[in-house]
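Below is one structure; the comments refer to it alone.
The values are calculated or read from the model by the stated rules, or taken from the named source; none is laboratory data. Computed from a predicted model, the values in this text were never measured in an experiment. Heads up, the Cβs are rebuilt from the backbone with ideal geometry, glycines too, and the neighbour counts pull from every protein chain shown. In case anyone asks, the SASA skips ligands and DNA or RNA and just uses the protein heavy atoms, side chains included. Shrake-Rupley method; radii C 1.70, N 1.55, O 1.52, S 1.80 Å.
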Amino acid sequence: VSGGRTLRAIGMGCGPEHLTVEATAALRATGYVIAAEKSDDDPLLDVRRRICEHAAVPLVVVRDPERDRADPADYPGAVRDWHAARAAAYAAVIRERPGDPAFLVWGDPAFYDSTLRIAERLREVGVVDDVESLPGVSALQLLAARHRIVLHEVGRPLLVTTGRRLLEDAAAHDTLVVMLDGAFVAQHLPDLADWQVWWGANLGTPFERVVSGRLDEVRDEVLAARDAARQEAGWVMDTYHLRRRSPERAQ
Ligand SMILES: C[S@@+](CC[C@H](N)C(=O)[O-])C[C@H]1O[C@@H](n2cnc3c(N)ncnc32)[C@H](O)[C@@H]1O
């Protein structure tokens, strides 16, 4: 008998001060938080630790299984195996602990995060009975706020994509947000002067950096700010908005 457990994926925004009132209440209603430890000095684990201490909720740390990076061609396969390994590790914790488990998800659980997929898997196999998702402030919202911009043109769509797909996607779209890009792939776009960029790194942390301008003019500034953010914080996560300059604006 699983005992009516509800698993909560709680969006924590990009820093302790982004936790919404609703998310805080959900956290307090929870039995314990499970956090994956990605390395010996995982900076995001420290943020989770502080939030749990503040809410007086126990934190259970689970060492993250390694993802198989041997075959880059089979990225979906490697991610699937990795999710399965994570789900198994979490299931073991949940089965042996009483109370409702929660995960503190960086940003919002809806963007490039596997927690809800893993949670659904745990529900399917009966480890938990219910899953709840609590929204948080995503890095892409924070990016827009820092630059004081709307992410799409009036009545037009926005493509949210990854560094891995950017070169292909930029050929077919005018307005994009790029996440999960460890190498600022936009620097390799064919016509840099055709793009306006709004870039931000380590948003919501004391080491936040932002740069904006025409891509050909600010590319080096972005690369330098990226290095500086990594130096200062010991890690860097960056997100950017790209907009193709219309012919009128290019003049
Ligand atoms: C695994 S995804 C998680 C996204 C998260 N769920 C969200 O809603 O922001 C990680 C990517 O989000 C972006 N990101 C997360 N935190 C960020 C931050 N503080 N500043 C800038 N970009 C960030 C980066 O593109 C990073 O590669």
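Between Asp74 and Asp41, what length in nm is gained on full extension when 0.36 nm per residue of separation is reduced by their alpha carbon distance? Could you put the intermediate results ahead of the total?
Numbers: separation 33, 0.36 × 33 = 11.88 nm, distance 2.87 nm.
Length difference between fully extended and current span is 9.0 nm.
For the chain, what does the helix formula give at 222 nm: sum of -39500 (n - 2.57) over DSSP H segments with n ≥ 4, over the residue count, nearest 500 deg cm²/dmol? Intermediate values should be presented prior to the final figure.
Details: 8 runs with 92 residues, N = 251.
That comes out to -11000 deg cm²/dmol.
With a 1.4 Å probe and every protein chain left in place, work out the accessible area per residue of segment 31-117 in Å², rounded to a whole number. Intermediate values should be presented prior to the final figure.
Working: 4720 Å² over 87 residues.
Per-residue accessible area for segment 31-117 comes out at 54 Å².
Of the accessible area of the chain, with the probe set at 1.4 angstrom, what percent is carbon plus sulfur?
Numbers: 6410 of 12900 Å².
It is 50 percent, rounded to a whole number.
Calculate I(q)/I(0) for segment 121-195 by the Debye formula, one identical point scatterer on each C-alpha and no solvent, and give its log10 at q = 0.12, 0.13, 0.17 Å⁻¹ to two decimals.
Evaluating at q = 0.12, 0.13, 0.17 Å⁻¹ gives log10 I(q)/I(0) of -0.50, -0.56, -0.79.
Any chance you could list the semi-axes, whole Å, largest first, of the equivalent ellipsoid that the Cα gyration tensor gives for the chain, using √(5λ)? Walk me through the numbers on the way to the answer.
Working: eigenvalues 252, 75, 59 Å².
Ellipsoid half-lengths, sorted descending, are 36, 19, 17 Å.
For the chain, what is the relative contact order in percent, using Cα pairs closer than 8 Å and at least 6 residues apart in sequence?
It rounds to 21 percent for the chain.
Across the Cα atoms of segment 191-236, what radius of gyration and what greatest pairwise Cα-Cα distance (Dmax) are found, in Å?
Computed over the Cα atoms of segment 191-236, radius of gyration and Dmax are 11.1, 34 Å.
So which trypsin sites (Lys or Arg not before Pro) in segment 100-191 end up in coil per DSSP with only 13 or fewer other C-beta atoms within 10 Å?
Working: sites: Arg117, Arg121, Arg123, Arg146, Arg148, Arg164, Arg165; in loops: Arg148.
Loop-located and lightly packed - Arg148.
Please report how far the C-alpha centroid of segment 36-68 lies from that of segment 72-147, rounded to the nearest whole angstrom.
If we compute the Cα centre of each part, the gap is 14 Å.
Give me the angle, in degrees from 0 to 90, between the Cα long axis of helix 75-96 and the longest principal axis of the Cα atoms of the chain, rounded to the nearest 10.
Its long axis makes an angle of about 30 degrees.
Between the helical axis of 215-233 and the dominant principal axis of the chain, each derived from Cα atoms, what acute angle in degrees is found, rounded to the nearest 10?
Roughly 30 degrees between the two axes.
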